[in-house]
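Trainee: Got a structure here, written out as structure tokens. Questions coming.
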Amino acid sequence: MNLFKLVWIELWNKKTQLISSLMAIVIGIGVIVGIRTINVYSEKAVAVKLDNLGANILVLPQAASIDDYYTSDIDAPTIPMEYVEKILTSEIQGVDNLSPKLTRRIEIGGKKYVLTGIQPKNEMASKPLWQNTGFGKELQASCAPTTEANTSHGYEDEKLKRKGVDSLDYSECLLGTQAAKSLHLKVKDKLKIQGTELTVAKLLDETGTVDDDRIFVNLKAAQEILGIKDQISAIEIMGCCNAISDGLLGKLRNILPDTRITTIGQIVSTQIETNKMMKKTSIIFLIIILFVGSISIGNYMWANVNERKKEIGILRMIGCYKSEIYKILLLKACILGLIGGILGYALGTFAAYYMGPVFAQIEVAAIPLFLVWAVLISIGISITGSLLPAYFAARFEPFSNMQEE
Amino acid sequence: MNILHTENLSKIYHHKDGLVNALKNISLTAEKGSFVTITGPSGSGKTTLLLTLAGLIRPSSGSFSLMGKNLSCVSDSELALFRRENVGFIMQSFALIPYLTAIQNVKLPLALIKMNKAIQQSKAVEVLKTVGMGERMNHLPRELSAGQQQRVAIARALVNAPSIIFADEPTGNLDPKLSVEILDFLKAINQKNNITIVMVTHSPVAADYGNVRIHLDNGEINTMTNKN
């Protein structure tokens, strides 16, 4: 026999009371765990969607429009190449890949094409649609796994592994599908652009985008051909979705004030907002459960203490210290919290597993780390709710029915 | 050797109807191995005196000592420690924890002094056998008769080998035959183990078991006789 056994026997003996007192805490913890579990997987789904879009942030000259970017207007303004260095040296977190480019429309044989200067290596990492072209080494993009939430749950996304262009020599070019067809060129053929002769290094797979009409050359070669030295049209950035939601755009605007910085894809921003809302909802639930759970456990403890006045008196009579009475009740609170936390985690995970696909269109699995949090929060709630009843119980004087003067 | 000594012990309760002088200047002495019985009409202060002597409630004035230790002004913790090490209790309502079996109830005082579990077990079994409850050790109080519950309470009072046992109407809930059995048992342990017993009772028959008899009236000692 010891204090723990005494508490355990009492709890076990009053199972109905135990279950009813645990209901509020189990449901509360379950709701929080459920929302947070769906939230975590939703964040990862957004990260993957962002990555599938390739570059998700555009840095354009202040005077340029999005149309300029897509139409590659010949008179579109440019920004200095040094802006790339500014971003790289700024230590801003969440910038996974920078892809500066210079784009202009050119004419070859009476037909119009888009000449795009790119920096090897950086470019392919931001072009998921190019992944089947078969060249280059794998680049490890770090977008999704920048936070603990995205790294700890075995979330596999092969698309996070990008291939970079090993090299694109000054004298080489890559041709989009339509451009290659129109120019009747194949690999190793020669192409002359404004007096500069280039070798076709690779034909890109069809992407269904403006890239199919492009001729890609080394950025420096493009600057030379177009006579725009050290200038670029845009910087495409692969930004981590979590970093975007944490204000990455603002940070970029701070270091490049005379540029226009925008995100690509309303869907992504909508999902980021949804994730933010879910996060806020889970925090609101956490606050509610802290109150409701504490009151519920406190109420149970208060009733239990009143019901057990005689037993507490017996314990005091045979020599139990006040501190031991306090310990007994707090130990009971810990056990309630532990059971509540485990059951709440199980309930929340179970609910998330079934509701994730329905409400967020994502597959959800258990997150073991949340078990630790659920138990800690639950124990914290139980102890908080029990402090006052335990304090008063410890002060009970055995056999005192009248107040001493 | 005096095991119990009080001087001008008084206890005043504050009640909604005014002050209640439950004990008035009680001075008494009892030697080790005494069987003290306290009698008196209802409201005469018998139980208040017993609980004060046992260190369960504090006197309003005066002093008292048990086993030579003045307990009038010690802290709650010191009183609790003194009780767990030296005192046993037997109450009219048995004062057993309802969800603990007989043997678990008996082990409680040993658990408080953090005795080894194996020793707890052997001591509890031994004392339960002594009070004739060897066959009912794993029964809950509600599964036992009143007499059996009181035996368990006696076993709990004895298990930590106390120097003094305080008993508040220990036969109050028992029929006459069982009462005699319990009183005979208390007398036996009083004589055999030299344990001092202080017992409150309404019953003249029970009072006759005492060698020191105190009769209280209105919070004061009306008569005190010593058979020795």
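The values are calculated or read from the model by the stated rules, or taken from the named source; none is laboratory data. Remember, predicted model here, so these are calculated numbers, not experimental data. Because the Cβ atoms are built from the backbone with ideal geometry, glycine has one as well, and the counts that use them run over all protein chains shown. Only protein heavy atoms, including side chains, enter the accessible area calculation; ligands, DNA and RNA are left aside. Shrake-Rupley method; radii C 1.70, N 1.55, O 1.52, S 1.80 Å.
Trainee: Just going by the charge dipole of the protein assembly as shown, with Lys and Arg at +1 and Asp and Glu at -1 on Cβ, which of A:SER20, A:GLY247, B:ASN138 is farthest out on the positive end?
Mentor: B:ASN138
Trainee: Sticking with the crude label model, points 7 Å out along Cα→Cβ, report the distance from A:GLU307 to B:ASP17 in nm, one decimal please.
Mentor: Result for the modelled spin labels: 3.4 nm.
Trainee: Suppose we compare each residue of the stretch A:311-334 in its chain alone and in the full protein complex with a 1.4 Å probe; which ones drop by at least 10 Å² of accessible area?
Mentor: With the partner chains in place, the stretch A:311-334 has these residues losing at least 10 Å²: A:GLU311, A:ILE314, A:LEU315, A:ARG316, A:MET317, A:ILE318, A:GLY319, A:CYS320, A:TYR321, A:LYS322, A:GLU324.
Trainee: Please give, to one decimal in nm, the separation of the simple spin-label points placed at A:ILE288 and A:MET355, each 7 Å out from Cα toward the Cβ.
Mentor: 1.0
Trainee: Now, a different point. Mind checking the per residue accessible area of the stretch A:304-405 for me, 1.4 Å probe, whole number of Å²?
Mentor: 49
Trainee: Quick one: if you take sqrt(5λ) for each eigenvalue of the C-alpha gyration tensor of the protein assembly as shown, what semi-axes come out, biggest first, whole angstrom?
Mentor: Ellipsoid half-lengths, sorted descending, are 91, 22, 18 Å.
Trainee: Moving on. Check the straight Cα-Cα distances from A:LYS251 and name the lysines below 20 Å, setting aside those fewer than 8 residues away within the same chain.
Mentor: Output for A:LYS251: A:LYS86, A:LYS276.
Trainee: Can you tell me the 0 to 90 degree angle between the C-alpha axis of helix B:176-192 and the longest principal axis of chain B, rounded to 10?
Mentor: 90
Trainee: What figure in square angstrom, to the nearest 10, would you give for the accessible area of B:ASP17 with a 1.4 Å probe?
Mentor: My reading of the accessible area for B:ASP17 is about 130 Å².
Trainee: Which entries in the list A:LYS15/A:LYS322; A:LYS111/A:LYS202; B:LYS32/B:LYS114; B:LYS46/B:LYS187 go over 23 Å, if you measure between the two C-alpha atoms of each?
Mentor: Among A:LYS15/A:LYS322; A:LYS111/A:LYS202; B:LYS32/B:LYS114; B:LYS46/B:LYS187, the Cα-Cα distance tops 23 Å for A:LYS15/A:LYS322; B:LYS32/B:LYS114.
Trainee: Something else: To the nearest 10 square angstrom, what accessible area does A:TRP373 show with a 1.4 Å probe?
Mentor: My reading of the accessible area for A:TRP373 is about 140 Å².
Trainee: Oh, and also: Among residues other than A:LEU336 whose Cβ falls under 13 Å from its Cβ, what is the net charge (Lys/Arg +1, Asp/Glu -1)?
Mentor: Net local charge, A:LEU336 excluded: +2.
Trainee: Then there is this: Would you mind giving the total buried accessible surface between chains A and B, with a 1.4 Å probe and ligands, DNA and RNA left out, rounded to the nearest 100 Å²?
Mentor: For chain A against chain B, roughly 3000 Å² becomes buried.
Trainee: Where only protein heavy atoms count, and the probe is 1.4 Å, what is the accessible area per residue for the stretch B:134-207 in Å²?
Mentor: On a per-residue basis, 40 Å².
Trainee: Can you give the net charge of the other residues whose Cβ lies under 14 Å from the Cβ of B:THR223, counting K and R as +1 and D and E as -1?
Mentor: Counting the neighbours of B:THR223, the net charge comes to +1.
Trainee: Helix B:146-158 versus the longest principal axis of chain B: what is the Cα-based angle in degrees, 0 to 90, to the nearest 10?
Mentor: Rounded to the nearest ten degrees, it is 80.
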